[in-house]
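Comments concern the structure below.
Each value in this text was obtained by applying a stated rule to the coordinates, not by laboratory testing. Nothing here was measured: the structure is a model prediction, and the numbers come from that model. As a convention, Cβ positions derive from the backbone with ideal geometry for all residues, glycine included, and neighbour counts pool all protein chains shown.
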Amino acid sequence: MRPYRSRLHRVLRLRSVTDGLARLALRPDERERIAQQLGREPTLVEWYAFDAQWSEHCSYKSSRRHLAKLPTSGPGVILGPGEDSGVLRLGRRQGEEYAIVIAHESHNHPSQVVPFEGAATGIGGIVRDVLCMGAEVIALADPLRFGRAGDPNSHACSVARGAVDGISAYGNAIGVPNLAGDVYFHEGFDENCLVNVVALGLVKEPEIVHSFVPKGAAGWAIVLVGKATDASGFGGASFSSGTLDVADDDSNKGAVQVPDPFLASVLMRASYRVFAMLRERGLVVGYKDLGAGGIMGCSAELCSSGGFGARIELDAVNAALPGLAPEVLAVGETQERLCWALPQEIVADVLRIYNDEFSLPQIARNACAVVIGEVTAEPRYVLYHRGEIVMDVDIDLLTGSIRDDLPVQPCVARPSVDPAIADRRLAAVQSQADLAASLLAHRDVASREPLYRRYDRVVRGATVIPRGVADAGVLAPIPGSPLGVALAVAGNPRYGALDAQRAAELAVVEAVRRVVAVGARPIGLTDCLNFGNPRQPEQYAQFLAAIDGLSAGARALELAFVSGNVSFYNESALGRAVPASAIVACVGACDDLSTLRLPNVGDSGDRLVLVGAHAGALGGSVAAALLGIDEGLPEVDLGAECALHAQVQGIGSCARVVGDGGALATIAQMLFGADERLGVRFTPGLALRTLLAESNGFVVVQPSAEPPAGIVLGTVTGDAVMQFPDESVVAVADLKALWSASLEDIYP
Amino acid sequence: MNRRIAVLVFPGTNSEGETLRLLRDLGADAQLVHWSRPQELAAYGAYVLPGGFAYEDRIRAGAIAAHDHLMDAVIDGCAKGKLVLGICNGAQILLEAGLVPGTAAARRPTAAFTHNAPQPHFICRHVYVKLASAPMRSAITASLDEGALIPAWAAHAQGRLAAGPEHLAELVEGAHVAFVYAHPDGRVDEQAVPNGSALGCAGLVNREGNVLALMPHPERDAWNVNHLQRRVGEALFAPSGGAVLFESFVRAVQRA
């Protein structure tokens, strides 16, 4: 593992507080409104508190009312968006209702500035979001979008490497397997990477711990647990709510937090012990992760969402160094901290578990669990520092929903393109075998193994289908039970660059198909919306279009979004925004793991059949990028999607989703799993378009005796070569070598 | 005899859950013992050190944990002939504690599992380990077949055996190399070694044969549900594959 501490100097360069208010992200009208509501000039601490709570990051002020369009409830939903994670019904086992906790976030800005720490703390944060729901954390996923990383000296390459190393270092150390994820390399991310993270947890439904203080909690203790508060991550919420400026890199680094997975690992296990104690005593309490806005943001949201106020003594906070300013103690975003609201009678026992049994003070300097205040009946948020009141505001003003109504302009429709041009380009392909070689070596198609082999995918001993083997990863989360959980992610930036709405729709469709392909039943979705500057009407319009796409996709499939995140300001100083990136995760349930569909390519003589609508549009495909084809995105018949799933589930053998690289790449990868024993002879006369188009449905394996369920693409052969419709031929082993090696230069 | 097995939990240990589960599924009387309760260890008859990142691999993987109070009891128990199995980080700790190969004094290591080569990165890869010493060389491997091939997952950044030439020679001469990396068909060559380990070594045993240190994790491929190629109709949670090593360990504990 990388030594974190020696890297501290890189990130501890704190923003000067003396230039104080000038650095606030609050706009003049917002400042005016705050002062007016308070009836006085706010204190410095209050300024920083509102700066964090009213930032886009915490308040969702430009997105909240639009997100309301997404479906968020349904029979499978136990808890929709609103708390630190969503919760989905997994199934019953021996009289117990099991549930899957899921959270999905981005850590884009920090990862662009300090990739290793930024991505690692992304994992840390998402894990705590799931943990604080009373869940055991069972899996991670990491949808990543990097710039052109080919030049090893480029920042894009160091971001692509550093972020993966950070995810690997944190996830491996805490012992949570990486189950799913994807990665794309696209020029649109040269200046703004996307590091999305997803975590899954397992909990029994009655044992869910909520992110709010329950009824009758006035006088309860507020207990801070974890790392000693330091000056790292001061101003993180407002930092991620602004545009990155390269000239600001150094000052931005102060806003990134310092990861400590070692402490996180102990905190998780100690928290599991506390959960067990709460179960034994039948107690309902509040528990919440400290994220944006630090102690202030977490304690205020924990109390206000239960209808209470809070009184916090900043002097009681375990600080890493003396003399920290009250605003740093209050809103600094030091990692590895959580906050409990506990009835007084169990406080001593909880402190004993953290501080003695799990010896937090010996694990990291000044780490501990400590009472820092109490829940109050009066709905005010009051902070004390050295005997003085440094903040005293109406708690609902602080955490209540503020909103920005921003101007929108409709997305510009792309001019229609003459399909004859594409047909001419396709006809000009000299050798389909050579095209296949370019396709499989393309960075968006090539094997992801060089990346994910750095991730522990099997810790906990519950992995059934590890990442990379099939379209989704699968776990057996409950020892002794046949219940399984599947996870997949999707969100194609080549599509996003062309059409935000269709790309979002297709992200839903692809994530769900991936879960269906392994034989699981999709039960719920999460989304992370990564977009540019909402104050640029055309960028804001893309965001709104994406919500429409997500909504249409999810409604057609009768699925809900139970957790999500919006990340704006993914644009460079020159105003170049990332491709519209609505990234979707889909959770699947498997009632009997022995019915899972494991990937295979069948035997010699079997048919490879394409099922699903196949208009053959090449827009946004890898082939289009290689051949210089400009077309619209493929259309998906959402109305037929559920029937397609049923059809695929009904076909007994293997099904693989057609994605990047089209059916050609899908079939090649099916063959790569067959130990170079098998090949394919594509159907003579088959249109090249059919093999290259993406989002076309599934490739299924069918014995030749069965009537084909769709277009017969080819027949499995016993000689390990691929024979194309134009009679060109390539050895499976040669293609596999290209496919395997393509990312090795970035991830040796 | 004392058949109780303690699974040690250091700060940073992360594989205690599946390790405990497998031992219990194999009929063992096993418990977790945390770092804050080292005094409890003496009451156990055998020890298992599971995987993880004890003390976050500071200095070198296992180096700090080797000096933890938990290891006082293990060093003491080892001298009394108690059986000790270390997997991954547990193996690293046993080497750092000098218990394996055990040719010098306790806490005077003569070999280490250290940074992978040629690439120093963490690697997670399915592997096979092959029993390279006679089964009876160690009580822990006594129930295995000669040359047993065991599926496991390598998941480590520091799994390369390194030692000075005289100590490497000692390992060979003393038949300390209990397991080597192998291909699925049992062939042994450099391509099968995921981390550049000297002698292709995956696991080492001490002179007396009561302490075994193995880098890859057989317990992560230890139930039918973990095997991609399982057959329909098999009980999902019947121990299999990598479980054979643990089974052999549990039998040895019950024999002792």
Discussion item. Taking 10 °C and 1.306 mPa s as the conditions, I'd like the Stokes-Einstein D for the stretch A:607-741 in µm²/s, using the Kirkwood hydrodynamic radius from alpha carbon pairs.
Written reply: 104
Worksheet entry | Cα-centre dipole for chain A with unit charges at Cβ (Lys and Arg positive, Asp and Glu negative), debye to 20 | 840
Practice prompt. Report the FRET efficiency, 1/(1 + (r/R0)^6), for residue A:706 and residue B:183, where r is their Cβ-Cβ distance and R0 is 35 Å, rounded to 0.05.
Written response: 0.45
Discussion item. If I take every Cα pair under 8 Å that is 6 or more residues apart in chain A, average their sequence separation and divide by the length, what percent do I get for the relative contact order?
Written reply: 16
Practice prompt. Please work out the Cα convex hull volume for chain A and give it in Å³ per residue.
Written response: 145
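Given the convex hull of the Cα atoms of the stretch A:35-123, what is a quarter of its surface area in nm²?
9.9
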Discussion item. Neighbour counts of other C-beta atoms within 10 Å: give me B:227, B:217 arranged from fewest to most.
Written reply: B:227, B:217
Worksheet entry | Per-residue mean of C-beta atoms belonging to partner chains within 10 Å, peptide B:7-13 | 4
Discussion item. Averaging the inverse of every distinct alpha carbon separation and then flipping it gives the Kirkwood radius. What is it for the stretch A:283-339, in angstrom units?
Written reply: 12.0
Discussion item. How big is the dipole moment of the stretch A:345-449 about its Cα centre under a simple scheme where the beta carbon of each Lys and Arg is +1, that of each Asp and Glu is -1, and everything else is neutral? Debye, nearest 20, please.
Written reply: 760
Worksheet item: Sorted by average packing, counted as other Cβ atoms within 10 angstrom per residue and highest first, what order do A:66-78, B:66-78, B:48-60 take?
Response: B:48-60, B:66-78, A:66-78
Practice prompt. Could you tell me the distance between the Cα centroids of the stretch B:137-162 and the stretch A:470-530, to the nearest Å?
Written response: 37
Worksheet item: Taking every DSSP beta bridge that has both residues in the protein assembly as shown, what percent is antiparallel when rounded to the nearest 5?
Response: 75
Practice prompt. Find which of A:640, A:715, A:38 sits farthest along the positive direction of the dipole of the protein assembly as shown, computed with +1 on the beta-carbon of Lys and Arg, -1 on that of Asp and Glu, about the Cα centre.
Written response: A:715
Worksheet item: Summing -39500 (n - 2.57) over the DSSP H runs of n ≥ 4 in chain A and dividing by its residue number, what mean residue ellipticity at 222 nm do you reach, to the nearest 500 deg cm²/dmol?
Response: -9500 deg cm²/dmol
Fill in: Choice from B:158, B:229, B:31 showing the highest fluctuation, given a GNM over chain B with Cα pairs closer than 10 Å
B:229
Worksheet, complete the sentence: Heads up, the stretch B:120-256 by the C-alpha gyration tensor (a ≥ b ≥ c square roots of eigenvalues; a/c under 1.5 rounded, else a/b over b/c prolate, else oblate) looks oblate
Worksheet item: Which of the pairs A:61/A:204; A:61/A:227; A:69/A:288 have their Cα atoms more than 28 Å apart in this structure?
Response: A:61/A:204; A:61/A:227
Response to the item:
Bounding extents of the stretch B:4-255 in its principal axis frame from Cα atoms, largest first in Å, are 49, 39, 33
Discussion item. Taking 8 Å as the Cα distance limit and 6 or more residues as the minimum spacing, I'd like the relative contact order of chain B as a percentage.
Written reply: 20
Worksheet entry | FRET E, pair residue A:635, residue A:729, Förster distance 35 Å, beta-carbon r, rounded to 0.05 | 0.55
Discussion item. Report the Cα centroid-to-centroid distance between the stretch A:605-640 and the stretch A:680-713 in angstrom, as an integer.
Written reply: 12
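For a quick check: sort A:676, A:205 by the number of other beta carbons within 10 angstrom, fewest at the front.
Sorted ascending by nearby Cβ count, the order is A:676, A:205.
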Discussion item. I need the phi-derived Karplus couplings for the stretch A:366-382: 6.51 cos²θ - 1.76 cosθ + 1.60, θ = phi - 60°, integer Hz, Gly and Pro marked x.
Written reply: 6, 6, 5, 10, 8, 6, 10, x, 9, 6, 10, 5, 6, x, 10, 10, 10
Fill in: Spatial separation of Cα centroids for the stretch B:58-106 and the stretch A:127-159, in angstrom
34
Item to complete: Throw me the Rg/Rh for the stretch B:45-125, computed over C-alpha atoms with Kirkwood Rh, two decimals.
Response: 0.98
Worksheet item: Hey, what angle do you get for helix A:28-38 against the long axis of chain A, alpha-carbon based, 0 to 90 degrees rounded to 10?
Response: 40
Worksheet item: For the stretch A:607-741, what is the relative contact order in percent, using Cα pairs closer than 8 Å and at least 6 residues apart in sequence?
Response: 37
Practice prompt. Residues in the stretch B:118-139, backbone N under 17 Å from the label point at residue A:740 (7 Å along the Cα-to-beta-carbon vector): list them, ranges by number please.
Written response: B:118-119, B:124-128
Worksheet item: Once label points are set 7 Å from the Cα along Cα→Cβ at both residue A:23 and residue B:36, what is their separation, rounded to one decimal in nm?
Response: 3.7
